[in-house]
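Read-outs throughout are calculated quantities, based only on the coordinates presented, and are distinct from any laboratory measurement. From a predicted model like this one, the values you see are computed outputs, not experimental measurements. Cβ atoms come from the backbone with ideal geometry, glycine included; neighbour counts cover every protein chain shown.
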Amino acid sequence: MPKLVMKFGGTSVSDVERIKNAASKVYVEVEKGLDVIVIVSAMAGETNRLVSLVNSVSSLYDAREYDAIVSNGENVTAGLMALTLQNMGVSARSWQGWQVPLMTNSAHGAARILEISTQKINEKFLDGMRVAVVAGFQGLTSEGRLSTLGRGGSDTTAVAFAAAFEAQQCDIYTDVDGIFTADPRITNKAKKLNKISYEEMLELASLGAKVLQTRSVELAMRYNVPLKVLNSFSDNEGTLVCQEENI
Ligand code: ADP
Ligand code: ASP
Ligand code: MG
C-alpha cells in the first residue's frame, strides 16, 4: 500500500486532547487506504524541561547522558498516540528509535542519521498494522548508545523515514498555516506561500526560520521528498516544498 509520513510537532501533541486531534488527521489518511508512519515530537515544553534538568545537575555534562535524558519526551507521545489510534479502532503501535533501528553517528546532541532499517516496520505493515508511530529526534549509535538529532530534529526524522520507506509525501503538522515570507508570529505582514523550492526553503531555514530543521530540508532536497507544512488546528492547504520546476 502507498505510504505517507505525518509528523506532529510539540504544540500539536501538547495534551491528550491535541493528541486526539492529531490522531483524527491520521485516521482520515488511513481511511483513504494509506499506510501511515507518524513521527511525533515531545509534548510542547517537555524537551526544554528535560534539558534544564540536565543543566541543573551539571553544566559540563557527558553528552551521552544528555541524550539518554532528553530523548525521553518523544517516547511518551509515541505511546500516547498509538493508544489513541487503537481507541479509534486503528491497528497501530509505537516504535522508539533504537527499536527500528534508526542508526546515527556518535555526535551526541547533534547526531546525523546513517541508516534506517525498514525491515521490521514493513513486516508489521504486511501483517496488517496500519500506523507505525515513531518517536522523533532520537536514534542509536553503533556503540549501542541513545543519540539525539539536535533541537527540532523530529523534522529530520520525518523526512528520513519518508525517503527510506519511499513515502508519497512527508506532511509536517505544526502551529501555523504553512511557510510564510517571514515568521508570522513576529510580523503580521508575512505572506503565506502555496509552494516554495527546496533551495529557497533551505535559505529560510538556515537563516533561522525554525519551522523546519535545516537538515530536514537538505535531506528532502537530496532524496526529492515532497514536503508539506500544514496547520494541525485547521484544514488549510499548507505549503508544498518541492523542486523549482514544479512551481
Ligand atoms: P513544531 O513544534 O511544530 O516543530 P516549531 O515551533 O519548531 O513547531 O516551528 C513552528 C514555528 O516556526 C511557528 O510557530 C513560527 O513562529 C516559526 N517560524 C519561523 N519562521 C517561519 C516562517 N517563515 N514561516 C512559518 N513559520 C515560521
Ligand atoms: N522535542 C525536540 C525539540 O524540542 C525535537 C523536536 O521537537 O523536533 O527540539
Ligand atoms: Mg520544530
If each part is reduced to its alpha-carbon centroid, region 67-135 and region 1-36 end up apart, in Å, by 14
Summed side-chain charge close to I247 - residues other than I247 whose Cβ falls under 13 Å, Lys, Arg +1, Asp, Glu -1: -3
Value of Rg to Rh for region 31-77 (Rh from inverse mean 1/r over Cα pairs, i.e. Kirkwood): 1.21
Let me check against my output: what whole-number percent is the relative contact order of the chain, with C-alpha pairs under 8 Å and at least 6 apart? 20
Any idea how far apart N224 and R112 come out in nm if each label point goes 7 Å out from Cα toward Cβ? 2.3
Where Cα atoms sit under 17 Å apart: lysine pairs in the chain separated by 8 or more or lying on different chains: 16
Cβ crowding within 10 Å averaged over residues, with 164-174, 113-123, 225-235 ranked highest first: 164-174, 225-235, 113-123
Distance from the Cα centre of region 146-191 to that of region 225-239, in angstrom? 10
Find how much the distance from S197 to N75 grows on full extension, using 0.36 nm per residue of separation minus their present alpha carbon separation; answer in nm with one decimal. 40.6 nm
Kindly rank 147-153, 13-19, 53-59 from highest to lowest mean number of other beta carbons found within 10 Å of each residue. 147-153, 13-19, 53-59
What translational diffusion coefficient, in µm²/s and rounded to a whole number, does the Stokes-Einstein relation yield for the chain at 4 °C and a viscosity of 1.567 mPa s, taking the hydrodynamic radius as the Kirkwood radius over Cα pairs? 72
Based solely on C-alpha atoms, express the radius of gyration and the Dmax of region 1-91 in angstrom. 15.6, 50
Net length gained if the chain between E244 and D175 were fully extended (0.36 nm per residue, minus Cα distance): 22.3 nm
Using a Förster distance of 30 Å, the FRET efficiency for N87-L53 (Cβ separation, nearest 0.05): 0.45
One checks the Cα atoms of region 130-247 and finds Rg and Dmax, in Å, of 14.5, 49
Phi angles of region 187-197, converted by Karplus (6.51 cos²θ - 1.76 cosθ + 1.60, θ = phi - 60°) into ³J(HN,Hα) in whole Hz with x for Gly and Pro, give 10, 7, 8, 5, 10, 7, 9, 7, 9, 8, 7
Limiting things to C-alpha atoms, what are the Rg and the maximum Cα-Cα separation (Dmax) for region 193-237, in angstroms? 10.9, 30
25 °C / 0.890 mPa s Stokes-Einstein diffusion coefficient of region 51-171, Kirkwood radius on C-alpha pairs, µm²/s: 164
